[in-house]
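The values are calculated or read from the model by the stated rules, or taken from the named source; none is laboratory data. Just so we're clear, the structure is a prediction, and the values are computed from it rather than from any experiment. Neighbour counts run over all protein chains shown; Cβ positions are idealised from the backbone, glycine included. To get the accessible areas, we keep the full protein, side chains included, count just its heavy atoms, and leave off ligands, DNA and RNA. Shrake-Rupley method; radii C 1.70, N 1.55, O 1.52, S 1.80 Å.
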Amino acid sequence: MTSTDLIQKDKKTFVPPAYLDDYEHALKGFDWNSIHKELEWFDKDHMNAAHNAVDRHTKTANRNKVAVIYESSSGKIEKYTYLDLKHQSNKFANVLTKLGIKKGERVFLFLPRIPEVYATFLGTLKIGAIASTLFSAFGEDALLDRLGHSKAKMVVTTPDLFKRLASIKDKLPDLTYVVLVSTDLIPQKEGLVSSVPILIDYKKEMLEASKNFTVVKTHAEDPAFLLYTSGSTGKPKGVVHAHMAILQQYYTHKMIHDVHPEDVYWCTADHGWVTGISYGILGPLANGGTILQYEGRFDPEIWYETLERHEVNIWYTAPTAIRMLMKAGLEVVKKYDFSHLRHIYSVGEPLNPEAIRWGMQAFKKPFHDTWWQTETGSMLIVNYPTMPIKLGSMGKPFPGITAAVLDHDGKEVSADVEGDLAIKRGWPSMMRTLWHDEERYKKLFKGDWYITGDRARKDSDGYFWYIGRADDVIKTSGERVGPFEVESVLVEHPAIAEAAVIGKPDELRGEIIKAFITLRAGFTPNPDLEEDIKKFVKQHLAAHAYPREMAFMDKLPKTRSGKIMRRLLKARELGLPEGDTSTLED
Ligand code: WT7
């Protein structure tokens with residue numbers, strides 16, 4: 001390692017708080033139980049995450065503190081205090097209660113990044129119902145899979161997004177209510193008249209509802225939110241998180257992001273993904289912080305303006321976004337003042353050393369990489385603000401987390417040897433089960449170890465290095481896509497007989513989706529067909545989950561039992577050794 005691969009922290013320019021000063025010290029003897037008292041409990045076992053995110057702060061001077069600064073796509077700025085959030089989430093809890101939504105029932109938010117996300121997410125938790133989110137780019141099949149599998153009772157959405165729901169609602173017998181947060185475009189006028197599900201006017205109901213509500217006494221282990229995420233096989237699985245998760249979201253945000261009371265914090269992730277929930281809602285609110293919620297799309301200049309205008313102090317973003325900023329060049333950066341930025345962080349994909357070096361030039365500070373998953377609920381392996389950064393490493397396990405690299409038999413390997421990245425069972429924000437699939441959940445463990453699905457190595461200093469996925473899960477622009485989901489949509493296209501999908505390394509997006517396709521008789525590959533296939537996948541699955549590249553083949557490599565060998569396609573695509581092909585059909 002050369003000196004340029006290591007960033008030492010300068011304690012003259014950054015004086016760390018005592019708890020961050022010495023990582024090894026923090027690690028020693030840390031016990032999650034010791035921080036229970038930093039939250040409010042009904043009793044020893046009962047606690048509600050929404051109460052801890054919001055209501056708790058309204059008993060202190062924080063009641064009039066700004067909790068959320070919202071900037072709309074058109075640049076309109078609104079501010080919401082902790083008291084506002086308490087009242088709005090109470091109102092929504094009352095609306096849910098009036099409509100008869102019960103504890104444990106599933107309420108989905110299919111919303112853009114707008115303030116209603118806070119009121120509806122937290123209001124759902126307040127009645128003990130389970131909140132789930134849907135990324136606004138999802139198409140019909142993606143919606144149907146998630147809403148159908150979880151037997152969703154309610155979806156909160158906008159009139160515009162409702163159109164995608166309207167075409168599948170008849171296949172969702174449990175969906176009773178659709179709440180429309182605005183009536184600017186009344187669906188009835190567009191021929192979307194519907195008696196089931198019943199359309200509810202959010203504004204009208206919220207106006208009528210009381211701002212007082214007694215938060216339901218949930219058990220800390222009761223499910224609070226459910227997030228569907230992709231695996232390498234089958235349809236997306238529902239990761240279930242308990243109210244207890246907030247304990248770790250709170251503490252990791254405090255310690256790793258090092259938030260101070262006066263900070264403005266911006267998490268660029270959408271609430272459709274776990275980062276947007278753990279570090280866009282629960283963690284920062286539990287700390288009584290001020291969150292910036294930016295509705296607009298990615299654009300380098302607008303992002304820089306946003307960082308500058310709101311004087312963002314702590315910024316949590318993703319490698320793909322950083323690479324896109326790099327592409328826009330350093331010249332643009334010079335126009336802005338980022339002097340208020342104290343720490344910057346990244347999550348979701350490997351963070352290349354170049355990106356950290358570039359960050360040093362652009363923002364005069366390094367991006368800190370953090371590693372975690374939808375399943376883990378909060379950051380587990382991280383670069384602390386005070387730790388020297390080894391460029392390209394994910395960092396070290398957070399206190400209270402035991403991480404290891406295991407061999408096939410579940411035994412820890414020696415330093416610098418590749419293996420399965422595993423975490424010792426028992427951290428507060430660990431998923432509690434997979435929705436209606438306890439069997440599959442159990443298979444994720446080897447004894448006391450949760451096997452993450454990532455391959456990694458640990459060096460002799462205890463730093464972890466990401467190697468890749470152990471399975472076929474694709475990460476494109478930081479978003480997790482299951483090959484099977486894309487393949488299922490592809491074969492619905494009238495021209496396609498068979499399809500196999502892989503992630504192909506891409507400089508900007510980390511990976512892009514590449515599809516290998518055989519066509520039905522009578523169809524021949526051509527650019528129009530390719531365009532049509534892309535459009536088809538976007539409409540059915542999601543705007544981000546379509547194959548950017550396609551290869552048309554006469555036949556796909558299969559095992560003798562008829563399973564398409566994605567691994568072989570990938571090896572051939574990347575020019576890697578083909579490995580064991582003894583099961584190949586011919
Ligand atoms: C997968 C989890 C939870 C945050 C958003 C992603 C990959 C995540 C890193 C990192 C290399 C990373 C892993 C992981 N990943 N962070 N710092 N370096 N890879 O959550 O969609 O559940 O994806 O993202 O492969 O297993 P997710």
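Observations
- The criterion of being out of contact with any Pro (no Cβ under 8 Å at 6 or more places or on another chain), open to solvent by less than 10 Å² (accessible area, probe 1.4 Å), farther than 18 Å from Asp270 by Cβ and in a helix (DSSP H, G or I) holds for Asn90.
- Assessment of the stretch 97-104 against the conditions (at pLDDT 95 or above, buried (at least 20 other Cβ atoms within 10 Å of the Cβ) and not in a loop (DSSP other than H, G, I, E, B)) yields no matching residue.
- Residue among Val178, Val155, Val107 that alone is under 18 Å from His243 (Cα atoms), assigned to a strand (DSSP E or B) and open to solvent by less than 40 Å² (accessible area, probe 1.4 Å): Val107
- Identity of the residue in the stretch 352-367, open to solvent by 10 Å² or more (accessible area, probe 1.4 Å) and touching a strand residue (DSSP E or B) at 6+ places or on another chain (Cβ under 7 Å), that ends up farthest from the ligand (Cβ to nearest atom): Lys365
- Only residues that are in the same structural domain as Leu490 (by TED's automatic domain parsing), surrounded by fewer than 15 Cβ atoms within 10 Å (Cβ to Cβ) and polar (S, T, N, Q) were counted across the stretch 533-586, and they come to 2.
- Some residue of the stretch 283-298 being under 24 Å from Lys396 (Cβ atoms) and either aliphatic (A, V, I, L, M) or open to solvent by 10 Å² or more (accessible area, probe 1.4 Å) (or both): yes
- Residue in the stretch 221-231 that is within 14 Å of the ligand (Cβ to nearest atom), in a loop (DSSP other than H, G, I, E, B) and touching a Lys or Arg at 6+ places or on another chain (Cβ under 7 Å) present: yes
- Scanning the stretch 285-301 for residues that are in a helix (DSSP H, G or I) and under 21 Å from the mean Cα position of the chain (by Cα) turns up Leu285, Ala286.
- Some residue of the stretch 302-309 being under 23 Å from the mean Cα position of the chain (by Cα), more than 23 Å from Asp369 (Cβ to Cβ) and not aromatic (Phe, Trp, Tyr): yes
- Selection status of Ala403, within 15 Å of Gly447 (Cα to Cα), open to solvent by less than 40 Å² (accessible area, probe 1.4 Å), touching a residue at least 60 places away in the same chain (Cβ under 8 Å) and touching a strand residue (DSSP E or B) at 6+ places or on another chain (Cβ under 9 Å): yes
- Restricting the stretch 465-488 to residues that are aromatic (Phe, Trp, Tyr) and more than 9 Å from the ligand (Cβ to nearest atom) leaves a set whose member that is nearest to Glu418 (Cα to Cα) is Trp465.
- Condition check for Tyr279: surrounded by 19 or more Cβ atoms within 10 Å (Cβ to Cβ) and within 12 Å of the ligand (Cβ to nearest atom): yes
- Test for Ala415: is it modelled with pLDDT of 95 or more and out of contact with any Asp or Glu (no Cβ under 7 Å at 6 or more places or on another chain): no
- Subset tally (residues that are within 16 Å of the ligand (Cβ to nearest atom), hydrophobic (A, V, I, L, M, F, W, C) and assigned to a helix (DSSP H, G or I)) for the stretch 302-327: 2
- Enumeration of residues in the stretch 254-276 that are part of a loop (DSSP other than H, G, I, E, B), within 13 Å of the ligand (Cβ to nearest atom) and surrounded by fewer than 24 Cβ atoms within 10 Å (Cβ to Cβ): Thr268, Ala269, Asp270, Trp273
- Condition check for Phe523: in contact with a strand residue (DSSP E or B) (Cβ under 9 Å, 6 or more places away or on another chain), of a type in the set (Phe, Trp, Tyr) and open to solvent by 50 Å² or more (accessible area, probe 1.4 Å): yes
- Note on the stretch 407-458: among residues that are assigned to a loop (DSSP other than H, G, I, E, B) and at positive phi, the one that is least open to solvent (accessible area, probe 1.4 Å) is Gly410.
- Qualifying residue in the stretch 367-379 (condition: of a type outside the set (S, T, N, Q), more than 23 Å from Trp427 (Cβ to Cβ) and modelled with pLDDT of 95 or more): yes
- Scan of the stretch 459-479 for residues that are assigned to a strand (DSSP E or B) and either farther than 26 Å from Phe138 by Cβ or aliphatic (A, V, I, L, M) (or both), ordered by number: Phe464, Trp465, Tyr466, Ile467, Gly468, Ile474
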